[in-house]
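Derivation of every value follows stated rules applied to the coordinates shown; laboratory data play no part. Remember, it's a predicted structure, so these values are computed and weren't measured experimentally. Note: ideal-geometry Cβ built from the backbone for every residue, glycine included; neighbour counts use all protein chains shown.
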Amino acid sequence: MKKTLVALSTLALLATLTGAAQARTWDAIKQAGTIKIATEGAFPPFNYFEGKKLTGFEVDLGTAIGKGLGVKVEWVTQPFDNLLIGLNQDRYDFVIASHGITPERQKAVDFANPHYCTGGAIVSKVGGPKTVADLKGKSVAVQVGTTYLENVQKVAGVGKVSTFPKDTDAQAALLAGRVDVWVGDKFSALDVVKAQKPKLQQGDLLFQEQIGMAVKKGNSTLLAQLNSGLAAALKNGTYAKLSNQYFAQDIRCK
Ligand code: ARG
């Protein structure tokens with residue numbers, strides 16, 4: 001509970017702090033010739049490290065959008081919980097890190113059109129909880145600052161909810177038997193369940209969400225470019241190719 005309050009008040013504070021410093025407009029970025037993109041780098045298969053190489057669906061998509069706009073791309077990685085704060089401090093131009101588009105976040109930043117649609121899934125050891133009703137009295141692990149946390153806390157009668165800095169830490173807590181359930185992205189869950197076969201199972205979705213790139217609030221020139229860059233990728237086959245590569249299916253919003 002305390003953590004949610006802290007997370008919410010951080011966003012509320014962000015909303016009031018925006019506007020002080022000027023984010024780079026599209027013209028300024030274009031003139032500089034390089035766009036700075038931030039992600040977490042610990043959320044496979046969307047954004048993660050393969051050895052020293054930052055990779056993943058969102059990394060490839062972000063790079064493709066940047067290149068399509070005719071600028072060089074520079075990547076920055078930050079803990080998930082710091083990403084929107086750094087955005088509003090002008091440390092980078094935009095964030096692509098699987099942020100669900102929520103009314104709370106929309107008070108602090110502006111979101112591009114969704115680049116995929118997904119949901120928060122209930123994952124447990126085989127024989128464990130599978131439905132929302134099953135969560136009654138059960139302990140749950142989630143990544144801090146996420147929509148998983150927000151939505152798990154809404155479940156009446158849920159047991160102890162533990163937060164972890166990284167999503168992969170929350171998964172590890174489930175595997176180690178320290179919690180009954182991990183709630184995470186349904187596409188990440190497919191990979192985890194497969195890798196741990198036959199130990200884990202994916203149950204119902206707790207909620208659904210649309211995922212978007214974020215720019216600093218009011219940076220409408222950059223937002224328009226991201227939307228047209230994304231639209232181009234969706235149309236010219238780049239998106240379909242990447243989506244098939246990482247998920248063996250097309251995860252665009254239908
Ligand atoms: N979709 C969830 C949210 O909006 C989780 C995002 C986590 N992203 C990450 N890079 N760890 O909060």
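A cut-off under 12 angstrom between Cβ atoms defines the neighbours of residue 126, and their net charge, with Lys, Arg +1 and Asp, Glu -1, is +4. Excluding residue 174 itself, calculate the net charge of residues whose Cβ lies under 12 Å from the Cβ of residue 174, where each Lys or Arg counts +1 and each Asp or Glu counts -1. Computed value for this residue: +1. Projecting the Cα atoms of 196, 225, 146 onto the charge dipole of segment 140-254 (Cβ charges, centred on the Cα centre) puts 225 farthest toward the positive pole. Computed over the chain, relative contact order equals 26 percent, with contacts defined as Cα pairs under 8 Å that lie 6+ residues apart.
Just so you know, the Rg over Rh for segment 84-134 is 1.15, from Cα atoms, with Rh as the Kirkwood radius. The trypsin sites (Lys or Arg not before Pro) of segment 95-182 that DSSP puts in a loop, and whose beta carbon has at most 15 other beta carbons within 10 Å, are 107, 154, 160, 178. Give the Rg/Rh ratio for the chain, taking Rg as the radius of gyration of the Cα atoms and Rh as the Kirkwood radius, to two decimals. Using only Cα positions, Rg/Rh for the chain is 0.97. Counting only Cβ charges, +1 for Lys and Arg and -1 for Asp and Glu, the dipole size of segment 96-168 around its Cα centre is about 300 debye. For the Cα trace of segment 74-179, dividing Rg by the Kirkwood Rh returns an Rg/Rh value of 1.01.
Take every Cα pair under 8 Å whose residues are at least 6 apart in sequence, average their separation, divide by the length of segment 160-254, and the relative contact order is 12 percent.
Ordering 129, 59, 32 by Cα displacement along the dipole of the chain toward the positive end leaves 129 in first place; charges were set at the Cβ atoms of Lys, Arg (+1) and Asp, Glu (-1). The distance from the alpha carbon centre of segment 188-211 to that of segment 41-80 is 23 Å, rounded to a whole number.
With the helix formula -39500 (n - 2.57) applied to DSSP H stretches of n ≥ 4, the chain reaches a computed 222 nm mean residue ellipticity of -11000 deg cm²/dmol. Anyone know which of 88, 236, 47 comes out most mobile in the 10 Å Cα GNM of the chain? It is 236.
With a bin width of 10 angstrom, please list the P(r) values of segment 193-254 as percents of all Cα-Cα pairs, from the 0 bin to the one holding the largest distance. Whole-percent P(r) values from 0 Å outward: 17, 33, 31, 15, 4. Across all Cα pairs in segment 50-111, the calculated P(r) in 10 Å bins from zero up to the longest distance comes to 18, 51, 29, 2 percent per bin.
What you get for the chain, charging only the Cβ of Lys and Arg (+1) and of Asp and Glu (-1), is a dipole of about 260 debye around the Cα centre.
The convex hull built on the alpha-carbon positions of segment 132-184 has an orientation-averaged projected area of 3.1 nm².
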